[in-house]
Amino acid sequence: MSTSPFSAWFRCFAGCGETYRLSQVILRCQRCGGLLDVVHDEQAWRSRSPEAWRGLLQQRQLSSYPVDQSGVWAQREWVLPGLACADMVTLGEGRVPLVPMPVLGGELGAKSLYIKQCGHNPTGSFKDVGMTALVSMVQSLRRLYTIPAIACASTGDTSAALAAYAARAGIPAIVFLPADKVSDEQLVQPLANFATTCALDTDFDGCMRLAAEFCERHGVYLANSMNPLRIEGQKTLAVEICSQLGWRVPDWVIVPSGNLGHITAIGKGFKLLRAVGLAERLPRLCAAQAEAASPLYSAYRNGWTFQPVTAGPTQATAIRIGSPVNVHKAIAILKEFSGVVESASEDEITQAWLTGDRHGLYADPQTGVALAALRRLCAAGTIRPDEHVVVISTAHGLKFSGLKSAHHMRQSGDDGRAGRNPPRVIAANLNDLEAALLPQLERA
Ligand SMILES: *Cc1c(COP(=O)(O)O)cnc(C)c1O
Ligand SMILES: [Zn+2]
């Protein structure tokens, strides 16, 4: 442990208030069984001026030191302050682009639209920025305790991230996936990193229960999002967004939401900015869910009374979760941020990612859910046309190419109207090419 003036500890989120050291291997409160939260000494944060923090972040952006080149560890004092730099397991995560897309935004109803491209992370989703924090902590804990492996249940992206970061650290990884409910690309990621990959004949919630039981019995470290360490890495996204906007806070942030760790983390990041004096206000947050898996949306409509559901089939497989573990943290954050919850039908989701793709994205279906939510909120007048909106694109569309190819290749009478763009099969001579292409050039 370092002599850093900054410190953090676990605190029971369920309200019993018990605290634990970050160097303890612990997932739930030993007194009441509640979820844990990581709490920082914010007084220590405030011992530096906002200008000093901004200068430090800018200096690290230019630094050649490997941990400075990670968007997460460039913010290390705010993430896991006790961790030694030598224990930081990085694959170059974070620091992903924030892309202004005013024309796409105009089509959806909000001209000042920015897409935060989390799919640009090493394994293609934001899960990397959380997993680097968790695996780094396990790396340092392995000097104190016997930890034979790290495991997780996953809708596809957590397992890809765990497999990669565990492989980077040389720690064995075990992943539990619902058979036939993740894309082929997501299934191959943990295989490629030589994680032990178990495809179980159940849904995500079923995998989660089994993973938790297995880990508890055999001293395996559980990397799921009831583990609060991941949130500490994920919250750095809010700082990046603010910095990329020239240290301005957007009016809205829309987050595709399943287990509700990410929206909790983004909220925590904006609160951190306010605590250190780099932001004066908070944005409003929107959790976006697929209609088939929308327990939070139902809760929002019912005065925040939450009931778990059995999640139905949706193309947005990464957020097909009926019993989100972070639901109470997320509700608290949403209340604090004047948040809303929106949902989208499968057809709206398809239309939304198609619209994104037409404007140059390669949008995954979860990003489709967020874009569809934006369209609905604009139509309802909740988001005004002049407000600044950030949509979190949670994964790279290349993880979902099967979905896109099934859409574009499907035969139909009128491809244009259905938004399909199949390849044209044309004989390899100039006459046939011209016959096929010239009418199109004339129309343009
Ligand atoms: C995990 C994930 C989400 C949802 O994040 P939660 O923290 O579970 O709400 C959204 N989109 C993608 C692509 C994901 O992998
Ligand atoms: Zn407790």
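Descriptive notes on the structure:
- The orientation-averaged shadow of the Cα convex hull for the range 86-245, equal to a quarter of the hull surface, comes to 10.6 nm².
- Among 319-329, 177-187, the order from most to least packed when residues are scored by Cβ within 10 Å on average: 319-329, 177-187
- Amide H contacts under 5 Å for His388, placed H, 5+ residues apart: Asp251, Trp252
- Per residue, the chain exposes 42 Å² of solvent-accessible protein surface, assessed with a 1.4 angstrom probe and all protein chains in place.
- Across the chain, the mean sequence separation of Cα contacts (distance under 8 Å, 6 or more residues apart), normalised by length, yields a relative contact order of 15 percent.
- Cα Rg, Dmax, the range 114-191, angstrom units: 13.0, 45
- When only Cα pairs below 8 angstrom with a gap of at least 6 residues are kept, the range 164-236 shows a relative contact order of 27 percent.
- Local electrostatic count, Leu162, Cβ distance below 12 Å [Lys/Arg +1, Asp/Glu -1]: +1
- For Thr202, residues with placed amide H under 5 Å, excluding near neighbours: Ala179
- Unsatisfied cross-links (Cα-Cα over 21 Å) in the set Lys127/Lys399; Lys127/Lys181; Lys335/Lys399: Lys335/Lys399
- Under the Karplus curve 6.51 cos²θ - 1.76 cosθ + 1.60, θ = phi - 60°, whole-Hz ³J(HN,Hα) for the range 394-406, x wherever Gly or Pro sits: 7, 9, 7, x, 5, 6, 10, 4, x, 5, 5, 5, 4
- Percent breakdown of C-alpha pair distances by 20 Å bin, ordered from the shortest bin, for the chain: 25, 57, 15, 2
- Intensity falloff of the range 164-217 expressed as log10 I(q)/I(0), Debye formula with alpha-carbon point scatterers, at q = 0.20 Å⁻¹: -0.75
- Per-q log10 I(q)/I(0), the range 372-444, q = 0.22 Å⁻¹ (Debye; single scatterer per alpha-carbon; no solvent): -1.04
- Residue-wise HN-Hα coupling along the range 252-258, computed from phi with Karplus coefficients 6.51, -1.76, 1.60 (Hz; x: Gly, Pro): 9, 10, 10, 10, x, 10, x
- Note on the range 23-92: Cα-Cα pairs beyond 17 Å make up 56% of the total pair count.
- Put simply, the Cα atoms of the range 64-113 extend 47, 20, 14 Å along their principal axes, the longest span coming first.
- The ellipsoid that matches the Cα gyration tensor of the range 200-298 has semi-axes, each √(5λ) in whole angstrom, of 31, 18, 9, with the longest given first.
- Reciprocal mean inverse distance between Cα atoms of the range 288-444 - Kirkwood radius, Å: 17.9 Å
- Rg [Å, one decimal], Dmax [Å, integer] - the range 62-172, C-alpha atoms: 16.5, 55
- Dimensions of the range 308-385 along the principal axes, based on C-alpha atoms and rounded to the nearest Å, stand at 37, 31, 18, largest first.
- Percent RCO, i.e. relative contact order, over the range 246-381, from Cα pairs under 8 Å lying at least 6 residues apart: 28 percent
- Calculated SAXS-style log₁₀ I(q)/I(0) at q = 0.09, 0.13 Å⁻¹ - the range 1-146, Debye, Cα scatterers: -0.38, -0.75
- Separation of alpha-carbon centers, the range 247-285 and the range 117-194, rounded to whole Å: 25 Å
- Packing, as the average of other Cβ atoms within 10 Å across residues, places the peptides 201-208, 275-282 in the order 201-208, 275-282, highest first.
- Computed packing ranks the peptides 102-111, 131-140, 70-79 as 131-140, 70-79, 102-111, most packed first, by mean other Cβ atoms within 10 Å.
- Proximal charge balance of Gly71 [Cβ under 13 Å; K/R count +1, D/E count -1]: +1
- When the Cα atoms of the range 151-241 are aligned to their principal axes, the ranges along those axes come out at 40, 30, 27 Å in descending order.
- Accessible area in the full protein assembly, largest first, 1.4 Å probe, for Tyr114, Tyr300, Tyr221: Tyr300, Tyr114, Tyr221
- Close amide H pairs (under 5 Å, H built 1.01 Å from N) link Val340 with Leu285, Cys286, Ala287, residues at least 5 positions away or on another chain.
The values are calculated or read from the model by the stated rules, or taken from the named source; none is laboratory data. Quantities reported herein were computed from a predicted structural model and do not represent experimental measurements. When we count neighbours, we look across all protein chains shown, and the Cβ atoms used for this are built from the backbone with ideal geometry, even at glycine. Each accessible area value is taken on the protein alone, full model and side chains, heavy atoms only, with ligands, DNA and RNA left out. Shrake-Rupley method; radii C 1.70, N 1.55, O 1.52, S 1.80 Å.
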